[in-house]
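Take a look at the structure below.
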Amino acid sequence: MIYLDNASTTQVDPEVLKAMLPFWQDQSLFGNPSSLSHRLGWIAKEELESSREKIASYISCNESEVIFTSGSTESNNLALKGLAKGLSSKGNHIITSNIDHKSILDAAKYLEKNEAISVSYLKTNASGLIDPSDVKKAINDKTILISIIYGNNEIGSLNHIQEISEIAKTANVLLHVDATQSIAHPEAFDELKKSNVDLISFNAHKIHGPKGIGALIAKKSVQNYITPLIHGGSQERGLRSGTSSVPLIVGLAKALELANHNSSDILKMKKTLWEGLKNIPSIKLNGCLDRSLPNILNVSFMNLESEAIMQELDQIALSSGSACNTSDLEPSYVLQALYPNQITRARSAIRFSVSRFNTMNEIEQVIKSFHKLFRTQ
């Protein structure tokens, strides 16, 4: 099978696996990092903090600002719910977009229903980008948080996060960014690092690391306002209790270390894929090419539904949208938001997502398969 569903999850890099294995195999490395009364606990604690330092170095933040979680969904929930409760005396208004990740949108809906939080869902343009001026217009004296996805997980569009961060800073409003899809791509992430962002969510399994581990980067000045979602052991500066998984944390650190490899090759494969497909009759590009992630290409083949395409080309791993919605037969909410009243476009969408483990030969095979399919329709 040719795997082009890397926006949903990625294979674990052998180097990441190599870094993690000793913590399951070596009898001197299985300790609990919170058990500091003996040597095994000390070793585990040293490994955990060493990984935290490596991650902080990659992010360009202080190591005390790295809060380990189970993944981006938990990080996003901790950012929104934790700050909504912790900042309730300052206001009750949050701003996000109508095509943010489901974990943001569902957390926002929960807050609306259960915590009397008012949420502004900003609309994007047809390219999937938020106009920063719309962010500025939406801010009021009750706004406590802006939460914006940087690289969209379905269409790859990259929001103007630096401009949005300047608006947030001027208004003295906190800014949270879901960087799950963008953190492994140097050009995109460099822009994020230049921005004045207060909180950043990401995980390991989108960047060739293990499932079940992620982080919320939270500035020290913000941490005091976050109400924890999980209580019990006061790990992670009291913001996320639970026994730390040292091997998974080591895997996250190693995955970030390797993340910048072959980014130009990934972009070249995406461009080749688009050039090879764009002449298929009735194809439409969803989102944009000029300001988007180098690994995600989303297109609609208007004369055939995506489910039929994936059944016919079952030797290629593809998706019709976010992996969070695969059990839902409704077409992508992202594409419905971008192209209202174009239900056929949403129902016929295919997301291709490339990784450094793909090859140009695979891309050429995929192009041939699609041309063969549409010649037979």
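The values are calculated or read from the model by the stated rules, or taken from the named source; none is laboratory data. Just so it is clear, the model here is predicted, and its values are computed rather than measured. For accessibility, only protein heavy atoms count, side chains too; no ligands or nucleic acids. Shrake-Rupley method; radii C 1.70, N 1.55, O 1.52, S 1.80 Å.
For the reader, a short list of remarks on this structure follows.
- Largest GNM mean-square fluctuation across PHE352, PHE23, PHE202, computed for the chain with C-alpha springs under 10 Å, falls on PHE23.
- Measuring nothing but how far apart in sequence close Cα pairs (under 8 Å, 6+ apart) lie, relative to its length, the range 139-207 scores a relative contact order of 35 percent.
- Degrees separating the helix 72-86 axis from the principal Cα axis of the chain, which is the longest one: 60
- A straight line joining the Cα centroids of the range 256-287 and the range 330-357 runs 16 Å.
- Distant-in-sequence amide H partners of SER292 (H built 1.01 Å from N, under 5 Å): LEU158
- C-alpha center-to-center spacing [the range 83-110, the range 182-249] in angstrom: 18
- Rolling a 1.4 Å probe over the heavy atoms of the protein chains gives the range 119-184 an accessible area of 36 Å² per residue.
- Calculated Rg and Dmax of the chain using C-alpha coordinates, Å: 21.1, 69
- Heavy atoms of LYS169: accessible area, 1.4 Å probe, square angstrom to 10: 140
- Surface listing: ILE309, ILE43 arranged by accessible area from highest to lowest gives ILE43, ILE309, probe 1.4 Å.
- Surface composition of the range 12-52: carbon plus sulfur atoms hold 57% of the accessible area, using a 1.4 angstrom probe and ignoring ligands, DNA and RNA.
- Along the range 283-291 the Karplus relation, 6.51 cos²θ - 1.76 cosθ + 1.60 evaluated at θ = phi - 60°, assigns HN-Hα couplings of 6, 9, 7, 9, x, 8, 9, 6, 10 Hz to successive residues, with x for each Gly and Pro.
- Accessible area (Å², 1.4 Å probe, nearest 10) - THR143: 10
- Angle in degrees between helix 102-114 and the longest Cα principal axis of the chain, rounded to the nearest 10: 60
- Each residue of the range 33-48 was assigned a 3J(HN,Hα) from its phi angle through the Karplus expression (A = 6.51, B = -1.76, C = 1.60, θ = phi - 60°), giving x, 8, 8, 9, 9, 8, 5, 5, x, 4, 4, 4, 5, 4, 5, 4 Hz with x at Gly and Pro.
- These residues, HIS371, HIS176, go from largest to smallest accessible area, 1.4 Å probe, as HIS371, HIS176.
- Comparing GLU191, GLU257, GLU236 in a Gaussian network model of the chain (Cα springs below 10 Å), the most mobile by mean-square fluctuation is GLU191.
- Result for the chain in a Gaussian network model with C-alpha springs under 10 Å: among SER97, SER320, SER221, the largest mean-square fluctuation is at SER221.
- Fraction of accessible area attributable to carbon and sulfur, the range 265-377 (%, probe 1.4 Å): 48
- To the nearest ten degrees, helix 263-277 and the longest principal axis of the Cα atoms of the chain are 30 degrees apart.
- Using θ = phi - 60° and Karplus 6.51 cos²θ - 1.76 cosθ + 1.60, couplings along the range 118-128 (whole Hz; Gly, Pro as x): 8, 10, 9, 9, 6, 8, 9, 7, 5, 8, x
- Taking amide H positions as modeled 1.01 Å from N, with prolines and chain starts lacking one, the residues under 5 Å from ILE230 and 5 or more places away or on another chain are SER241.
- Amide H to amide H distances under 5 Å link ASP5 with SER353, where only residues 5 or more positions off or on other chains count and H is placed in the peptide plane.
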